[in-house]
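Peer 1: Quick one: the structure is below, questions incoming.
The values are calculated or read from the model by the stated rules, or taken from the named source; none is laboratory data. Source: prediction; values computed, not measured. Methodologically, a virtual Cβ is constructed for each residue, glycine included, from the backbone with ideal geometry; neighbour enumeration extends over all protein chains shown. For the accessible areas, the whole protein counts, side chains as well, though only heavy atoms, and no ligand, DNA or RNA atoms are used. Shrake-Rupley method; radii C 1.70, N 1.55, O 1.52, S 1.80 Å.
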Amino acid sequence: MNLDEPFTPTCSIIQKVSFGLGHVCNDLCAAMWFSYTLFYLNVVLNIKSTTAGTLLMIGQVVDSIATPIAGWAIDRTGDRRAWHFGGTIAVATGFSLLFSIKPGELTTSVLTYYVLSIMLFQVGWAIVQIAHLSLIPEISRSHSHSSDLTAIRYTASVCCSITVYLVTLMVLKTDDNSAIGPNDFYKFKEIALIIVFIGIITSLLFYCGLLGTFEISDYEALLETDDANQLNSNNHEKHFLRQSIIYLVALTYMASRLFIILNLVYIPLYLDERTEIEVVEKEKIRQTIATIPLVVYVASFITSVFLKCRGRNCPDKITYLIGGAVGLMASVWLGSGVSPNSDAELYAIAIFLGVSGSSTMIASLCLTANFVKTNGYGAVVLLVQNFQCSPKNLCPHYYENVLSYICGIVSLVGIASLVVLEVKIRGNGRLPR
């Protein structure tokens with residue numbers, strides 16, 4: 001080895017795998033938070049829709065506020081491991097407390113307890129997310145490495161969701177075949193504690209795997225010419241907040257994120273709604289509440305693996321466009337109506353949703369370069385819950401319409417923002433990607 005040659009660090013396999021483990025605790029808790037928290041509050045605790053939606057909204061508002069503050073604090077101090085560890089403790093504590101009590105009635109003290117638990121969970125979640133994402137530009141050596149880390153992170157997220165749904169399927173399975181209700185409080189508590197335990201173990205493995213790799217001086221900066229999506233060309237003279245492309249890219253990310261979250265939140269409620277308006281065996285909800293989201297994420301996992309192997313013939317914008325079109329097809333299918341007791345149609349739609357979510361999320365994360373965050377889905381959930389009819393039988397197809405029309409509109413917004421982004425790039429005289 002020639003000692004005169006400059007040392008060029010690489011993004012090793014151990015670093016990549018360890019990096020993927022660093023967000024597992026967040027992803028496990030997020031999967032249950034978005035998939036089952038609203039269902040848990042409505043169906044298990046019998047909290048009315050508007051209150052449950054408000055609690056979810058509070059969580060997302062806290063997340064939106066905590067995220068930039070966490071980014072500023074982590075950037076000022078630079079000790080990512082300490083921030084990540086503290087955030088993980090907050091996530092584990094807050095999330096466990098959320099599923100730890102079964103109130104007899106919804107008093108002010110009980111609401112305060114839930115609000116404080118949610119705030120602790122969301123602040124910790126934001127800290128862990130920023131600390132974890134800030135490692136990508138340090139570990140990656142090129143756009144290819146950055147894409148690899150992004151894909152690994154999303155693949156780990158998909159695996160976490162699959163784990164949550166498998167645990168839910170095993171824990172909720174009973175011999176009496178009864179519908180899900182208040183008697184299942186301890187089962188949801190058990191699910192929450194299991195996933196928190198798994199998250200803590202994987203976080204410890206993350207610290208061990210990346211031990212000693214956090215010094216920025218050990219890494220070379222990415223070359224400015226390595227801009228595979230041509231998003232930064234001819235824009236060096238502008239502050240990034242004055243670049244319209246940044247906001248178009250943010251819109252594609254927001255649309256992708258909103259599509260995924262709304263499906264996570266309302267699929268269980270839609271399945272429960274079907275038992276009220278169709279001749280569907282109520283005990284099937286125990287199976288489908290886990291298996292339908294599970295199929296969504298199995299399809300997401302397969303898609304993410306496929307996208308990991310894609311070449312330059314399938315760039316980020318084309319990937320996003322295909323994913324958005326598939327999501328729009330799923331929304332139209334739901335809007336046209338699913339045949340009663342047709343599990344095959346439900347699983348086919350679930351596959352479409354998984355392919356769409358994985359494609360648009362990976363593509364949008366690559367486009368955003370991991371520095372844009374938008375949290376509009378909390379407000380959407382709050383609005384949806386407040387428009388719910390009372391009593392619910394006045395709107396028997398409410399959640400079906402939410403999944404169809406709102407998610408369909410979100411897909412169209414994402415596709416439209418991508419088209420405008422491409423027109424903007426072409427107008428600046430750059431080759432499309």
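Peer 1: Which percent of the accessible area of region 13-140 is formed by carbon and sulfur heavy atoms (probe 1.4 angstrom)?
Peer 2: Of all accessible area on region 13-140, carbon and sulfur atoms account for 70 percent.
Peer 1: Between Arg81 and Leu193, what is the FRET efficiency for a Förster distance of 22 Å, r being their Cβ-Cβ separation, to the nearest 0.05?
Peer 2: Working from the Cβ atoms, E equals 0.30.
Peer 1: At what distance in nm do the modelled label points of Glu422 and Lys173 sit from each other, each positioned 7 Å from its Cα along Cα→Cβ?
Peer 2: Taking the simple label geometry, Glu422 and Lys173 are separated by 4.5 nm.
Peer 1: Can you tell me which of 72-79, 39-46, 290-297, 317-324 comes out highest on packing, and rank the rest after it, using the mean Cβ neighbours within 10 Å?
Peer 2: Per-residue Cβ counts within 10 Å, averaged per peptide and sorted highest first, yield 290-297, 317-324, 39-46, 72-79.
Peer 1: Given the Cα-Cα distance of Gln287 and Asn386 and 0.36 nm per residue of separation, how much length would full extension add, in nm?
Peer 2: Result: 32.8 nm gained on full extension.
Peer 1: Could I ask something else about it? Label 7 Å along Cα→Cβ of Phe306; region 340-355 residues with amide nitrogen under 15 Å?
Peer 2: Once the point is set 7 Å along Cα→Cβ of Phe306, 348-355 turn out to lie under 15 Å by backbone N, inside region 340-355.
Peer 1: According to a simple spin-label model (label point 7 Å from Cα along Cα-to-Cβ), what is the distance in nm between Thr112 and Tyr347?
Peer 2: So the label points at Tyr347 and Thr112 sit 5.0 nm apart.
Peer 1: Using the heavy atoms of the protein chains and a 1.4 angstrom probe, tell me the accessible area per residue for region 44-112 in square angstrom.
Peer 2: For region 44-112, the per-residue accessible area is 47 Å².
Peer 1: Which of the pairs Lys48/Lys102; Lys102/Lys187; Lys317/Lys424; Lys173/Lys392; Lys16/Lys308 have their Cα atoms more than 22 Å apart in this structure?
Peer 2: From the list (Lys48/Lys102; Lys102/Lys187; Lys317/Lys424; Lys173/Lys392; Lys16/Lys308), the Cα-Cα distance tops 22 Å for Lys173/Lys392.
Peer 1: I would also like to ask the following. What order, most packed first, do the peptides 394-404, 120-130 have when packing is the mean number of other Cβ atoms within 10 Å of each residue?
Peer 2: Ranking, from highest mean packing down: 120-130, 394-404.
Peer 1: Also, quick follow-up: Would you mind getting me the FRET efficiency between Thr51 and Ile409? Use the beta-carbon distance for r and R0 = 30 Å, nearest 0.05.
Peer 2: With R0 = 30 Å, the Cβ-Cβ based efficiency is 0.70.
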